[in-house]
1. Restricting to segment B:15-54, what's the tally of residues that are assigned to a strand (DSSP E or B) and within 11 Å of chain A (Cβ to nearest Cβ)?
2. Please go through segment A:437-476 and pick out each residue that is under 21 Å from the mean Cα position of the chain (by Cα), within 14 Å of chain B (Cβ to nearest Cβ) and surrounded by fewer than 18 Cβ atoms within 10 Å (Cβ to Cβ).
3. From the list B:Lys226, B:Lys212, B:Lys135, B:Lys163, exactly one residue is over 30 Å from B:Asp106 (Cα atoms) and at pLDDT 95 or above. Which is it?
4. How about segment A:104-132: which of its residues are basic (Lys, Arg) and more than 10 Å from chain B (Cβ to nearest Cβ)?
5. Determine whether A:Tyr130 is surrounded by fewer than 24 Cβ atoms within 10 Å (Cβ to Cβ) and hydroxyl-bearing (Ser, Thr, Tyr).
6. Just checking, how many residues over segment B:55-91 are on the phi > 0 side of the Ramachandran plot, facing chain A (nearest Cβ under 9 Å) and of a type outside the set (Lys, Arg)?
7. List the number of the failed condition for A:Ser5; all other conditions in (1) among the small types (Gly, Ala, Ser); (2) surrounded by 24 or more Cβ atoms within 10 Å (Cβ to Cβ); (3) more than 19 Å from A:Phe107 (Cβ to Cβ) hold.
8. Report, ordered by the first and then the second residue, all pairs with beta carbons closer than 8 Å, sequence separation of six or more or different chains, a first member in segment A:133-149 that is within 7 Å of chain B (Cβ to nearest Cβ), and a second member that is assigned to a loop (DSSP other than H, G, I, E, B) and among the charged types (D, E, K, R).
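The values are calculated or read from the model by the stated rules, or taken from the named source; none is laboratory data. Keep in mind that this is a model prediction, so the values were computed, not measured. Neighbour counts are summed over all protein chains in view; Cβ atoms, including those assigned to glycine, are modelled from backbone coordinates with ideal geometry.
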Amino acid sequence: MELLSHDILIIGGGLAGLRAAIEAKKASWDVAILSKVHPLRSHSVAAQGGINAALGNAPAPIKDSWENHAFDTIKGSDYLADQDAVEVMCREGIEKVIEMEHWGTLFSRTEEGKIAQRPFGGAGFPRTCYAADRTGHNLLHVLYEQATGLQICVYEEWVALSLIVEDGRCAGVLALNFFQGKIIPIHAKVLLLATGGHGRIYLRSTNAVINTGSGCFLAYQAGVPLEDMEFVQFHPTSLYGTNILITEAARGEGGYLINAEGERFMERYAPHLMELGPRDIVARGIQTEIDEDRGFEGGYVHLDLRHLGREKILDRLPGTRQIAMDFAGVDPILEPIPIQPAQHYSMGGIPTNVDGETPLPRLYAAGECACVSVHGANRLGGNSLLETVVFGARAGKKAAQKAKAEKDGPDLTLFQERLRAFQSELEKILGRKGEEPCFQLRDEMKSLMTYQVGTFRKESDLRIAKGKIKELKKRLLNVGIKQKGLAFNYEFIQYWELGGMLHLAEVIVEGALARKESRGSHFRVDYPHRDDEHWLRHTLAFKTPEGVKLDYKEVTITSYPPKERTY
Amino acid sequence: MRSTLLTLSIKRFHKEKDSSPWIETFQVETRKGMNLLEALLRIQDEQDGTLAFRYSCRGAVCGSCAMRVNGQDVLACRTHVEDLLGKPTLVGPLPLFPVTRDLIVDMSTFFNHYRKIEPFLHGKPISSQTEYSIKEGERKEIDPYIQCILCGICFGSCPAFEKDSQFLGPAMLAKAYRFLADPRDMRNDEILKAIDGQRGVWGCKTVFNCVKVCPKEVPPTHAIVKMRGKILKHRFVSLFAQILSLLRRSSL
């Protein structure tokens, strides 16, 4: 049996994974990254608008501070974020953003040559540092460059299939070398999950095709609970047709949202901040306009940038213009962009503390797949990139400390046993002669999630969703896989990932059904108000043989007592 | 009414099955606004689960889905199927790279060249509390080269890379210029030394193919020409200095 071994193994090569790897490598540990795509193809690359940090570079009557940033984040989270974690992020974010600049990120500049900052939704200051509207691309390439300089080992195009847990600790992973079709166990003193989100369980999503939530499922399968999964962010502005993201920066730079009657309708939903309300409120505003027949035929509204003028669009929003032209045939200099809300981000995930530690010893998590929780019930734009670099670095540092304390090497028999058990399970799957096409099930799940578990939720819809997911899980057993080898076996990967996605969908639905209130992104039309008395708490979902079991935990409040949230 | 049926003749290669590639034709029903990547994903889902190709963002930013379509190197996600209807479309892997399977190519040469230019900022010393000062003009000089998504399309259409696979290639030379022109980077001679030579800037045929095909409008040839100028200036200055010192010595 071939067995690989590293001090620290990181699953996922996006911003959080790379940042963690760099930190651990700098502490002189044997670090490897395993990713199902080349790190530069990770979804972080698609982030556009920017990264928040209270640098105070933009002209404002008073200077911005990390405390202001923390307040905006906590209010934006509808008071569900853990305030100690938010404080860490906002305080340390300043130096982490400067560090990214020192490593080569080409941020846009103020006239004085400082990092430029733009207004973003739900923020009291122009706090979002940006590299035109390609901030994620800039950051990801810079971190990959740093990782290249440090000669960090990367298993490119490998798939993590199952965590190996022994004596209540994570010991490694069974991974598939996709091109060779071999399952290889990898021992790690510390394993860190940084696999991103699971947007692809939704039909309308801004996420990359690869975002199937594999890390969340790996942890869930291994007995780790998932936190606050019912909080799914719907981005207000995805391009009508393909649902590719149109950045919040388009509104930050002054874009208007206009319905089919020509009204700037955000006046009805966020009279002060208008288009720059937080995402949950703007997305619901747009969806209400569409639902009440004030949208355009097909279900969209307009994002109008024309008044910004050619020069500003070319300078600040060149990527947005390119996307609109490439994928909708619309030049925003001349025409408004057709947009509709779409799933964008998962606030929930694997519970961690501020050092990336999960409830399972030796297992760490960072980035979108983790739930620290800094976003609570609704994430502010510009905070996810910040989360990846702050908590990626913290998790990498802590993982390195932990690896130092671990002396024992791989237990060969254990890995052999687990590999054998997995392979016999696999043989059953690959030998199956079912007639059910996998894509059909996947598409049914995606439609279900968008239409029944979307921006507006209600008991009856959620009950239908629950039943349907149960049915899909049953039908999954009738999916046949024609190819018998594992090399380039897309059928198998699709099947495998769909199994995981159905579990995550189930967790979202159960959490949403139980939470009889409206908070942030989770809006129940049958319970339209926030209910702090009963629901100011985090959901924890456990996988049991009987299905999802829910539990709850307290929210950490430090200096910002919950208040009514108006914009 | 115009047919909405897309016919794709895909060049396939599975080395365990057949040592030479073969062409297989698929038909896909299209809808308005569909792109080639969606069509390929549909084939993989509904018709042939063995069809291999790379994909990720489907928004032309990740650089995964570079391939050759009717003789042009493109990103599949950015290619509209409306433009391909009516006649069979030939789809093949990105040329000049070894084929791993079907539309997947081995990009290890590409990333080896990437590593050769030490593609990470060698920053001038600065306090961890303060940012570098960069003028907007300096940023704009580098910005076009920052847009590179390392998709490999420019390599596929480069005659110098076709002739010599050790030629650094357009994307890497553009990347080298991005660091050379960055006021934060303390390297100068090191970068010029790394790209001086037939496998660097002097191997370029200046036919501007890379500039034409780049899906992100990066102009590698412009960077190459600028760097040639810098090397020549460098040589001229050191030659001038040598002559000057010879003259000084002879006058002693």
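1. 1
2. A:Asp443
3. Unique residue meeting the criteria: B:Lys226.
4. Hits for segment A:104-132 are A:Arg118, A:Arg127.
5. Against the criterion (surrounded by fewer than 24 Cβ atoms within 10 Å (Cβ to Cβ) and hydroxyl-bearing (Ser, Thr, Tyr)), A:Tyr130 does not qualify.
6. Selection size over segment B:55-91: 2.
7. For A:Ser5, the exception is condition (2).
8. That search, which allows pairs on different chains as well, returns A:Gly149/B:Glu118.
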